[in-house]
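Report on the structure given below.
What follows draws every value from the coordinates through simple rules; no lab data is involved. Computed from a predicted structure; not experimentally measured. Backbone-built Cβ (ideal geometry, glycine too); neighbour counts: all protein chains shown.
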Amino acid sequence: REKARERERPRERESESARERQRARARAGARERESEWARERERVRASGRERASGRERERAGARERASGRESEREQAGARARESASESARERERERESERVRESERA
């Protein structure tokens, strides 16, 4: 039995070193893949930044347009208020003339 074990040991040691080599190779491969991924991520991030700056520009344009729309809305509101007060004055005049007519009739 001892002799059999003695014979097994060198083979074990061989397989151990083989396993070590394999592990080393796997680690190297993983590093390689990792750097590949890192490059890919960097590329994606760069394009993302470009897209983001593009979006920023779009957003600025939208803000400008929105402020333009805002002032338009304000002007429209002012016009509406004016016409409302105008029609109110008109109604007031109507009522006044109605009162005058009533008093004349009486």
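A few points about this structure:
- When Ala26, Ala4, Ala60, Ala52 are checked against the criterion of being hydrophobic (A, V, I, L, M, F, W, C), surrounded by fewer than 10 Cβ atoms within 10 Å (Cβ to Cβ) and in a helix (DSSP H, G or I), Ala4 stands alone in meeting it.
- Any chance Ser103 is more than 27 Å from the chain's Cα centre (by Cα), surrounded by 10 or more Cβ atoms within 10 Å (Cβ to Cβ) and of a type in the set (Ser, Thr, Tyr): no
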